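Here's the structure, in structure tokens; my notes come after.
The values are calculated or read from the model by the stated rules, or taken from the named source; none is laboratory data. Predicted, not measured: the structure shown is a model, and the values here were computed from it. Here the Cβ positions follow ideal geometry from the backbone for every residue, glycine too, while neighbour counts run over all protein chains shown. To get the accessible areas, we keep the full protein, side chains included, count just its heavy atoms, and leave off ligands, DNA and RNA. Shrake-Rupley method; radii C 1.70, N 1.55, O 1.52, S 1.80 Å.
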Amino acid sequence: MTLPVPTLDHVVINARDDMDRAADIYRRLGFTLTERGYHSLGSMNHLAMFGTDYLELIAVPKDATSGRLDLLNFPFGLNGLVFGSEDSAITYGSLSKAGVPIEPPVEFTRPVKVDGKERDARFRTVRMKAGVVPYGRVYYCHHFTRDLVWRDEWRHHKNGVVAVARALIVEPDPATGAKLYADMFGLESVRDIKGGKSVVIGNSRFDIVTEAELKAQFGDAAPDAEGRKAYMAGLTFRTVSVGKAARALQDGKIGGVVQSAAGLVVPAKQALNAVLEFVE
């Protein structure tokens, strides 16, 4: 059986019903955001596009009574890790045969304005069944209209970011948390690291670590767990220049930024409850 090749499509910051604040924060962090988009499923978003992946801010409108109200059940912060799929039907079929608890594909659209004209970006997602992932949402995204999403005019950021290098997940037992990814991608995609496991995801990786290891790496910059034992904690971004990122953070008046061995760290309380790291 051939398992899907692990590639990163995008990562998702949950803004619940406060998109205006989220967009302001991430612009001040130095990201260029796309215009606000509205999904046919009822959610709305802004994107920060990179080379082959992207960051998504997602929310529901204030006082919404229908649509993606499930987003209100999650705290602010990193809440979605999304793999790429070239064919959602094949992805669903191969994972189902491998025994991965996955839901059938769901299709939706989002209007996008390009060159003064409005067109529909079209997607199909394949999600884990409810309760499989205790720390947020993990799924695949199949883009039918990549030309409406990856556009060069949206890839230039004041902070110099060009890619997502790492996502951080807290799990009390990292080995148990890593089993899902071993089933999805094969045992060779998972390796041991200090304080946990790491999953190779294309040019990126997902580090699944204990809370003690997260605190050892980031101290007070770590996010508020809000009573959760397992949660998505933060992101490491690759930038063309740490100096450029530092200037963008200074211009955005982002407080509490500290120098780490690898680059710069923005405390979670300054980034909607997700600790952010900028490295070269």
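Structure notes:
- Segment 69-84 - residue that is farther than 17 Å from A23 by Cβ and part of a loop (DSSP other than H, G, I, E, B) and, of those, least open to solvent (accessible area, probe 1.4 Å): P75
- Some residue of segment 221-229 being within 25 Å of G131 (Cβ to Cβ), without any contact (Cβ under 8 Å) to a residue 12 or more places away in the chain and among the small types (G, A, S): yes
- Scanning segment 121-175 for residues that are among the aromatic types (F, W, Y), part of a loop (DSSP other than H, G, I, E, B) and over 30 Å from S241 (Cβ atoms), we see that the one that is least open to solvent (accessible area, probe 1.4 Å) is Y135.
- A216 meets each of the listed conditions (1) out of contact with any strand residue (DSSP E or B) (no Cβ under 8 Å at 6 or more places or on another chain); (2) closer than 22 Å to Y92 by Cβ; (3) at pLDDT 95 or above; (4) of a type in the set (G, A, S) apart from (2).
- In segment 176-219, of all residues being under 21 Å from V279 (Cβ atoms) and in a helix (DSSP H, G or I), the one that is most open to solvent (accessible area, probe 1.4 Å) corresponds to K215.
- Filter result for the condition that a residue is under 26 Å from A233 (Cβ atoms) and in contact (Cβ under 8 Å) with a residue 12 or more places away in the chain, over R127, R151: R127
- Flag for A165 being under 20 Å from R238 (Cβ atoms) and in contact (Cβ under 8 Å) with a residue 24 or more places away in the chain: yes
- Residues in segment 107-120 that are surrounded by fewer than 18 Cβ atoms within 10 Å (Cβ to Cβ) and in contact (Cβ under 8 Å) with a residue 40 or more places away in the chain were compared, and the one that is farthest from F185 (Cα to Cα) is K113.
So that you can scan it fast, the table gives a plain yes or no per residue for (1) buried (at least 21 other Cβ atoms within 10 Å of the Cβ); (2) at pLDDT below 95; (3) closer than 24 Å to M128 by Cβ:
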| position | (1), (2), (3) |
| --- | --- |
| M1 | no, yes, yes |
| L8 | yes, no, yes |
| N14 | yes, no, yes |
| I25 | no, no, no |
| G30 | yes, no, no |
| T34 | no, no, no |
| Y38 | no, yes, no |
| G42 | no, yes, yes |
| T52 | no, no, yes |
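- All positions within segment 237-263 that are at pLDDT 95 or above, in a strand (DSSP E or B) and open to solvent by 10 Å² or more (accessible area, probe 1.4 Å): R238, V258
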